[in-house]
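Notes follow the structure.
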Amino acid sequence: MPDTPIRPSAWGGLTTILDTPLKRQVAIAVILMAMIVAPLLFGQYATVILTNALLYVVLALGLNIVVGYAGLLDLGFAAFFAVGAYTVGIATLNFGLNFWLALPLAVFFAIIAGIIIGTPTLRLRSDYLAIVTLGFGEIVRLAARNLRETGGASGLSGIESPWLFGWHISTPLDFYYVFCVLAIIAVVVSVRLANSRLGRAWLYVRHDEDAAEAMGIDRVKVKLAAYVVGAVYGAIGGAFFAANLGAISPNSFSFQQSVLILMAVILGGMGKIPGVILGAFIVILAPELLRDFGDLRLFIFAVGLLLIMLFRPSGIWPAKSRTGARR
Amino acid sequence: MGFIDIFSQQLVNGIVLGSFYALVALGYTMVFGVVKLLNFAHGDLYMVGGFAGFLILSFLSPFIGPGWFGVAVSMVFAMIAVGILGVVIERVAYAPMLSAPRLSILITALAVSLVLQNGMLTITKGQYVPFGSALGFGGVNLGSLFISYNQMILVGVSIALMAGLEIFVSRTQYGRAMRAVSVDKDMSRLLGINVNRVIAGTFFLGTGLAAAAGTMAGAYYGSLWYFMGFLIGLKAFTAAVIGGIGSIPGAMLGGLILGLLESFGTQLPGVGSEWKDVFSFSVLILVLVFKPTGLLGKPEQERM
Amino acid sequence: MTLLQVQGVSLSFAGSKVLQGVNFAVAEGAIASLIGPNGAGKTSLFNCITGFYKPQAGSIRLAGTETLRMKPHQVTRSGIARTFQNVRLFREMSVTENVMSGLHCRTSAGIIESILRLPGQQREETMIRDFAEECLTFVGITEGWDRDATTLPYGWQRRVEIARALATKPKLLLLDEPAAGLTSSEKEDLIGLIGRIRDQRGISVLLIEHDTGLVMRVSERISVLDHGVMIAEGAPKEIQANPKVIEAYLGVEDGEASLGL
Ligand SMILES: Nc1ncnc2c1ncn2[C@@H]1O[C@H](COP(=O)(O)OP(=O)(O)OP(=O)(O)O)[C@@H](O)[C@H]1O
Ligand SMILES: [Mg+2]
């Protein structure tokens with residue numbers, strides 16, 4: 001029997017490199033140090049860009065649960081991002097709530113929205129979810145643009161930046177560190193879910209729905225859980241996004257936004273956390289590097305996505321420990 | 001205007017809109033029927049069809065004029081050109097994927113859609129492009145109701161195309177092969193049907209119809225935009241679902257119903273034109289909840 | 001006592017009648033077999049029992065509870081586990097993880113417990129892994145637990161599938177052609193395993209099988225399905241002597257030979 005041990009892992013190929021706890025701890029320490037000193041080295045402009053990249057890490061990790069783990073194509077992820085941002089905007093501006101009270105409200109609304117959209121569609125063929133989420137994304141964007149409460153096309157502004165135990169989170173550097181913490185939490189939660197009963201159920205359902213059902217797994221419930229967890233990630237990202245910018249408008253929640261987040265998930269390698277993080281950085285940093293290309297840059301991304309799908313569907317990030325099984 | 005006037009005016013608008021939706025929905029449904037693939041790029045092929053018609057018309061209009069005749073000739077060429085593009089896309093992007101997990105195929109289709117969209121964005125720099133047709137403003141008055149010749153021609157051409165398709169699918173050998181493949185691909189192969197050719201033909205026809213709709217839309221509304229396929233793709237899908245995805249008469253019916261729903265829906269109190277799209281997507285979600293097989297679709301027991 | 005009671009089940013697809021008023025029962029603690037020529041409707045009957053197909057008429061009861069309207073996962077929860085005719089293990093997942101899937105319906109940890117790694121969830125995870133490994137050992141797979149299940153040799157995959165079904169802690173185990181593609185020594189092991197499943201675990205077993213020699217040896221009751229109709233039911237000896245059965249098999253091939261006469 002050829003010995004090809006395969007340990008499916010949310011970490012992708014990393015598990016073979018970082019095979020001892022010591023190596024792993026060193027790696028984590030290095031990454032943490034890099035995160036702390038990066039803004040001090042690169043200056044304010046880079047800090048803003050990095051903050052944006054970290055926001056995308058959060059969003060992409062959320063979408064990764066839906067797409068990468070449960071295998072569902074969600075084309076309207078920006079809708080949940082919008083739900084989070086607008087809830088915080090409206091709750092703080094119109095109802096005078098403090099950010100930390102608005103945040104759970106945002107999560108609550110995202111869960112409700114996720115259940116309303118997910119429950120009917122997840123019973124159907126997976127293709128339907130893709131297109132219904134596309135429609136849902138448009139509904140939310142259009143609602144934001146047409147409603148008075150959401151400030152119409154110009155959106156909301158003057159959202160106050162939050163206080164935390166006497167610390168006024170207000171400068172770009174403050175927000176950079178806040179997003180660092182969020183990204184770390186997003187990673188930890190993703191890893192823990194991946195290695196749980198529910199995380200395995202996502203993979204079972206994704207690989208073979210019938211076999212999963214035969215093993216007593218309620219595929220609708222399990223998919224709904226993935227969809228709702230993704231929604232919560234999106235809403236939290238949106239809430240902090242609103243607090244960071246202080247102003248939001250419907251343009252931030254367009255179809256292109258959903259596509260960009262999806263690209264982050266797929267380019268790096270869906271289902272693999274380092275891959276998704278890499279993807280988020282590519283999606284945010286590449287436009288900075290390709291600035292001269294103007295509109296061509298989206299085209300380059302699109303072609304890149306197509307090539308990835310045709311020639312390397314598992315993404316850029318290597319999946320050493322799982323090769324052979326993937327086509 | 002009285003109630004009757006508003007009603008009949010919206011009826012005309014709904015039928016015009018509905019014929020666009022139906023033409024695009026047909027391609028969606030045909031491709032889905034035969035390869036069980038949701039071709040996300042379908043709406044963008046409609047957009048490319050519009051631009052192809054525009055290019056051809058701008059070459060030909062010195063000779064055949066920018067009127068309906070010129071548009072019709074350009075439309076035929078655009079159908080052929082974009083139909084071939086559809087086949088190429090199927091061969092290059094979808095064919096290698098047909099045995100891959102469904103998620104991969106869906107993402108590939110999305111990628112194709114984005115390539116077309118952003119390719120056109122790059123070429124047109126995101127600007128609206130005037131179509132360059134000159135169609136005239138004549139029409140007939142029925143009481144206070146005005147129906148333009150353009151609307152009549154547009155609906156007439158759509159009906160002719162759909163009738164042609166229906167005859168092709170139900171009467172010809174090729175159409176029968178198409179239906180056989182949509183029921184059981186492996187069985188069809190055993191019976192000696194060249195399945196790949198049938199799939200290619202389906203893409204050609206479906207994409208061609210979308211291109212026809214794109215050209216007509218360009219001529220009728222007067223301008224083109226790289227993003228014009230996005231919404232209509234969604235709407236056409238909605239139409240296909242209303243009619244029962246996979247069913248050709250269903251797509252026609254669904255298109256008409258959605259067109260009418262939209263034009264009447266915007267007259268409802270509280271549903272202004274800015275809520276039109278929200279209205280149609282809500283219809284989509286409601287149909288999926290209460291009648292996912294659509295009006296003319298057949299429920300199927302999935303094979304284990 | 002009857003464990004599984006199938007009454008008047010009829011199933012058709014687009015006009016073709018696959019099952020016609022099938023009556024059928026499995027007693028508690030029994031090892032029973034379902035045989036019949038290719039295309040007789042055996043797998044379809046399994047699919048009805050496990051909730052994948054919805055018959056147009058009839059009733060299916062497990063220990064008195066109607067399961068006909070249940071979804072497949074609910075049927076599994078209520079105590080019927082199955083394997084598939086063409087092995088369907090989860091790709092890209094290890095052998096152990098494949099078997100762990102069976103415990104999903106017997107455990108409960110949710111999102112919050114998993115994120116916070118609460119002690120209850122940790123205990124449950126250990127229990128899931130331990131029980132999965134116990135099931136693997138029970139079916140005789142004691143190594144290669146970390147390998148991608150779909151890279152195992154075929155005979156092993158079949159046993160992993162049985163372990164996975166056992167992990168759901170069923171009352172009744174349905175095996176769809178478990179001996180197909182096995183070597184003769186593997187078939188011997190299978191006969192032993194089926195016996196142990198019933199004797200040591202108290203799980204009743206119903207199998208579909210074309211290898212009549214194996215069927216005659218392992219089962220206490222045999223039911224014969226032909227063209228969607230149940231044509232005979234009885235002890236192995238009676239079935240072997242039943243002229244209707246011989247004819248059903250003669251209709252398709254050398255009936256006597258295939259019945260091992
Ligand atoms: N989902 C379905 N749609 C249409 N026909 C079906 C479906 N499932 C099964 N059938 C038909 O039902 C009949 C019985 O099939 P089934 O798989 O139950 O037979 P079987 O007894 O298990 O045969 P085998 O010994 O070859 O496995 C076949 O003619 C098959 O084509
Ligand atoms: Mg069978």
task = Give the angle, between 0 and 90 degrees and rounded to the nearest 10, that separates the Cα long axis of helix B:228-243 from the longest principal axis of the Cα atoms of chain B.
result = 70
ask   = With every protein chain left in place, what is the accessible area per residue of the range A:106-163 in square angstrom, probe 1.4 Å?
value = 40
request  = Would you grab the residues whose amide H sits under 5 Å from the one on C:ASP226? Only those 5+ places off in sequence or on another chain, please, with H modelled 1.01 Å from N.
outcome  = C:ILE231
remark   = For the range C:94-169, the Cα gyration tensor yields equivalent-ellipsoid semi-axes (√(5λ), largest first, whole Å) of 25, 12, 10
key: All-pairs alpha carbon distance profile, chain C, 10 Å steps from 0, percent   = 7, 29, 34, 21, 7, 2, 0
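Using the heavy atoms of the protein chains and a 1.4 angstrom probe, tell me the accessible area per residue for chain B in square angstrom. Before the final figure, lay out each step's value.
Values: 12610 Å² over 304 residues.
So chain B comes to 41 Å² accessible per residue, rounded to a whole number.
If you take the beta carbon distance between B:THR172 and A:ALA153 as r and set R0 to 30 Å, what does 1/(1 + (r/R0)^6) give as a FRET efficiency, to the nearest 0.05?
Numbers: r = 51 Å, r/R0 = 1.70.
That pair, B:THR172 with A:ALA153, gives E of 0.05.
Please compute the average number of Cβ atoms from other chains found within 10 Å of each residue's Cβ in peptide A:138-151.
Numbers: counts 7, 9, 1, 2, 7, 2, 0, 1, 4, 0, 0, 0, 0, 0.
Mean shielding by partner chains, rounded to a whole number: 2.
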ask   = Non-local amide H neighbours of C:THR2 (under 5 Å, H modeled in plane, Pro and chain starts lacking H): which ones?
value = C:GLU28
inquiry  = To check my understanding: the extent here is largest minus smallest coordinate of the Cα atoms along each principal axis. What are those three numbers for the range A:56-183, in Å, largest first?
reply    = 50, 34, 21
query = Karplus couplings for the range B:76-83 from phi (6.51 cos²θ - 1.76 cosθ + 1.60, θ = phi - 60°), rounded to Hz, Gly and Pro as x?
reply = 4, 5, 5, 4, 5, 4, 6, x
key: Pairwise burial C:A, computed as accessible area of each alone minus the pair, summed, 1.4 Å, Å²   = 3700
note = Averaging 1/r across every pair of distinct alpha carbons in the protein assembly as shown and inverting yields a Kirkwood hydrodynamic radius, in angstrom, of 30.0
message = Here is the link list: C:LYS17/C:LYS42; B:LYS298/C:LYS54; C:LYS71/C:LYS171; C:LYS71/C:LYS169; B:LYS235/B:LYS276; A:LYS221/B:LYS235. Which ones come out longer than 20 Å on Cα distance?
response = A:LYS221/B:LYS235
Alpha carbon centroid spacing (whole Å) that separates the range C:1-74 from the range C:161-189 = 19
Rounded tilt (10° steps) of B:195-221 against the dominant C-alpha axis of chain B = 10
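Report for chain C the percent antiparallel among DSSP-assigned beta bridges with both residues inside it, nearest 5.
Details: 21 of 37 bridges.
So the antiparallel bridges amount to about 55 percent of the total.
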query = Leaving out ligands, DNA and RNA, what percent of the accessible area of the range B:35-105 is carbon and sulfur, probe 1.4 Å?
reply = 80
ask   = Taking the alpha-carbon centroid of each part, what is the distance from the range B:32-106 to the range A:294-314 in angstrom?
value = 21
message = Whole angstrom only: what separates the Cα centroid of the range B:1-18 from the Cα centroid of the range A:71-144?
response = 35
note = Connecting every pair of Cα atoms under 10 Å apart in chain B and solving the GNM, the largest mean-square fluctuation among B:ALA41, B:ALA213, B:ALA134 falls on B:ALA134
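Give me the percent of accessible area attributable to carbon and sulfur for the range A:45-258, probe 1.4 angstrom. List each step's numbers first, then the result.
Details: 4420 of 6720 Å².
Carbon and sulfur: 66 percent of the exposed surface of the range A:45-258.
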remark   = Counting other chain Cβ atoms within 10 Å of each Cβ in A:184-192 and taking the mean gives 2
ask   = What ³J(HN,Hα) values, in whole Hz, does the Karplus curve 6.51 cos²θ - 1.76 cosθ + 1.60 give for the range B:264-269 when θ = phi - 60°, with x put for Gly and Pro?
value = 7, x, 5, 8, 5, x
ask   = What value, in deg cm²/dmol to 500, does the helix sum -39500 (n - 2.57) over DSSP H runs of n ≥ 4 give at 222 nm once divided by the residues of chain B?
value = -24500 deg cm²/dmol
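Between rounded, prolate and oblate, where does the range A:45-258 land on the alpha carbon gyration tensor, with a ≥ b ≥ c its root eigenvalues, rounded for a/c under 1.5, else prolate if a/b exceeds b/c? Don't skip to the answer; put the middle values down first.
Values: a/c = 2.21, a/b = 1.54, b/c = 1.43.
The shape class here is prolate.
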remark   = Gyration tensor on Cα atoms of the range B:119-236, a ≥ b ≥ c root eigenvalues, a/c under 1.5 rounded, else prolate if a/b beats b/c, else oblate, says oblate
ask   = Roughly to the nearest percent, how much of the accessible area of the range C:91-211 is carbon and sulfur, given a 1.4 Å probe?
value = 52
note = Rounded to a whole number, the Stokes-Einstein D of the range A:14-101 in µm²/s (Kirkwood radius over Cα pairs; 10 °C; 1.306 mPa s) is 96
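Projected area of the range C:173-219, taken from the Cα convex hull and averaged over every viewing direction, in nm²? Provide the component values of the computation, followed by the final result.
Values: hull surface 11.6 nm².
In nm², the orientation-averaged hull projection of the range C:173-219 is 2.9.
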key: Cβ-based charge dipole, chain A, positive-most Cα from A:ILE49, A:LEU164, A:LEU182   = A:LEU182
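How would you rank C:142-151, B:162-171, C:33-42, highest first, on the average number of other Cβ atoms within 10 Å across their residues?
Numbers: C:142-151: 18.5, B:162-171: 14.5, C:33-42: 21.7.
Going from most to least packed, we get C:33-42, C:142-151, B:162-171.
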request  = Using θ = phi - 60° and the Karplus relation 6.51 cos²θ - 1.76 cosθ + 1.60, list the HN-Hα couplings for the range A:167-180 in order, rounded to whole Hz, with x at every Gly or Pro.
outcome  = 9, 8, 7, 9, 7, x, 5, 4, 5, 4, 5, 4, 5, 4
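Please label the shape of the range A:212-327 as rounded, prolate or oblate, based on the square roots a ≥ b ≥ c of the eigenvalues of the alpha-carbon gyration tensor (a/c under 1.5 means rounded; beyond that, a/b larger than b/c means prolate, else oblate). Mind dumping the intermediate values first?
Working: a/c = 2.27, a/b = 1.18, b/c = 1.92.
Since a/c reaches 1.5 but b/c is at least a/b, the shape of the range A:212-327 is classed as oblate.
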request  = Find me the longest stretch of chain A that has none of the exposed chymotrypsin sites (Phe, Trp or Tyr not before Pro), where exposed means in a DSSP loop (not H, G, I, E or B) with at most 16 other Cβ atoms within 10 Å.
outcome  = A:166-327
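Rg(Cα) of chain B divided by 2.2 N^0.38 Å? Mind showing how you got there, number by number?
Numbers: Rg = 19.2 Å, N = 304, 2.2 N^0.38 = 19.3 Å.
Dividing the Cα radius of gyration by 2.2 N^0.38 Å gives 1.00.
Relative contact order of chain A: what whole-number percent is it, with Cα pairs under 8 angstrom and at least 6 residues apart?
Values: 489 pairs, mean separation 109.4, N = 327.
Relative contact order here is 33 percent.
The values are calculated or read from the model by the stated rules, or taken from the named source; none is laboratory data. Keep in mind the model is a prediction, meaning the values are calculated, not measured. Using ideal geometry, Cβ is built from the backbone for each residue, glycine included, and neighbour counts are taken over all protein chains shown. Side chains are part of the model used for accessible areas, which takes the heavy atoms of the whole protein and leaves out ligands, DNA and RNA. Shrake-Rupley method; radii C 1.70, N 1.55, O 1.52, S 1.80 Å.
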